[in-house]
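First the structure, in the form of structure tokens, and then the observations on it.
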Amino acid sequence: MKHAIRAEGLVKRFGAVTALDGVDLEVGAGTVLGLLGPNGAGKTTIVRILATLLRPDAGEVRILGHDPRHDVEAVRGQIGLTGQFAAVDENLTGVENLVFLARLIGQSRAEARETARGLLERFSLSDAADRPARTYSGGMRRRLDLSACLVGRPRVVFLDEPTTGLDPRAREQLWESIRGEVRRGVTVLLTTQYLEEADQLADDIVVIDRGRAVAHGTPTELKRRVGGQTLQVQPADPADLHRVAVIVTEVAGRHEVDNAVVTAPAADTGVLPEMVRRLDAAGIGVAEIGIRQPSLDEVFKQLTSQGVAA
């Protein structure tokens with residue numbers, strides 16, 4: 001796979017503080033890389049370096065084959081950046097915000113209005129196109145901000161915690177907008193404090209801790225890395241909890257009970273049908289039974305020193 005972003009051995013120091021200590025990254029064209037890490041891990045520093053806003057003290061960077069140190073304009077002409085807070089002008093309408101940006105990068109008046117109208121339609125903002133941005137909801141502002149990031153038709157987009165502060169519905173709407181851009185071939189580097197967001201959007205994940213990349217893989221690979229599957233059984237009748245625990249121990253070797261749910265490590269998926277047979281033979285009804293993979297939250301806590309995403 002062709003890589004849209006490559007970074008090798010990134011080092012960045014701020015006085016006595018080493019923000020990055022030899023970080024490597026590769027992002028395939030048309031994919032999403034999720035960058036996770038605790039507060040102060042170095043995520044924003046990486047984004048600023050890749051977006052040509054900061055020079056590394058050591059290491060190599062290539063964005064679409066260009067070296068940002070020597071081809072700054074070539075890189076900037078093909079990237080977009082959205083920060084943690086919407087950067088649109090609240091006194092301008094949605095269309096005015098986008099036309100203004102399009103004109104700044106050299107588009108004619110007609111081209112700028114066509115660009116603006118197209119982006120507003122793409123992000124379901126056409127009905128609010130002529131309203132001041134200050135009247136937009138939080139989710140609408142973030143979609144407008146992402147639209148602004150795409151005015152120059154970038155091939156690579158850096159999203160630094162793009163859904164901070166959004167409610168679940170607005171977050172899902174923005175997720176779908178991001179998926180739409182990836183389907184169009186845009187490459188995305190995403191930093192997020194929501195691990196569910198990385199699980200939903202990222203093709204690959206790099207976990208950063210104390211300036212170093214401590215893990216890399218797909219969400220599924222990282223989940224497998226920190227532990228196996230877990231069998232979960234919740235009896236329909238709480239009075240059957242002890243009997244279920246006995247059967248789980250017979251099948252899986254041991255058990256734990258938490259909030260009326262019996263759990264045990266599941267070495268393989270064959271444990272599940274065996275449990276179903278045993279419970280059926282014992283005449284025990286269940287409210288819920290299944291095999292659960294570790295969550296990204298569990299992965300994060302195990303792989304980082306602080307266990308708090310940011």
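The values are calculated or read from the model by the stated rules, or taken from the named source; none is laboratory data. All values reported here derive from a predicted model rather than from experimental measurement. Quick reminder, even Gly has a Cβ in these numbers, built from the backbone with ideal geometry, and neighbours come from all protein chains shown. Side chains included, ligands, DNA and RNA excluded: accessible areas come from the protein's heavy atoms. Shrake-Rupley method; radii C 1.70, N 1.55, O 1.52, S 1.80 Å.
Scanning the range 144-168 for residues that are within 16 Å of the chain's Cα centre (by Cα) and in a helix (DSSP H, G or I), we see that the one that is modelled with the highest pLDDT is L146.
Given the criteria out of contact with any His (no Cβ under 8 Å at 6 or more places or on another chain), open to solvent by 60 Å² or more (accessible area, probe 1.4 Å) and assigned to a helix (DSSP H, G or I), does E197 qualify? So E197 fails the test.
Give L159, L166 a once-over and let me know the one that is among the aliphatic types (A, V, I, L, M) and buried (at least 21 other Cβ atoms within 10 Å of the Cβ). After ruling out the rest, the residue left standing is L159.
Residues in the range 152-202 that are β-branched (V, I, T) and either at positive phi or free of Cβ contacts under 8 Å to residues at least 60 places away in the same chain (or both): T163 alone. Here I247 meets each of (1) open to solvent by less than 40 Å² (accessible area, probe 1.4 Å); (2) in contact with a Lys or Arg (Cβ under 8 Å, 6 or more places away or on another chain); (3) closer than 30 Å to K12 by Cα with one exception, condition (3).
Is it the case that some residue within the range 31-38 is under 14 Å from F158 (Cβ atoms), open to solvent by 30 Å² or more (accessible area, probe 1.4 Å) and not charged (D, E, K, R)? No, the range 31-38 contains no residue that is under 14 Å from F158 (Cβ atoms), open to solvent by 30 Å² or more (accessible area, probe 1.4 Å) and not charged (D, E, K, R).
Of the helices (runs of 4 or more DSSP H) lying entirely inside the range 204-281, those carrying at least 3 residues that are at pLDDT 90 or above are 241-252, 271-281.
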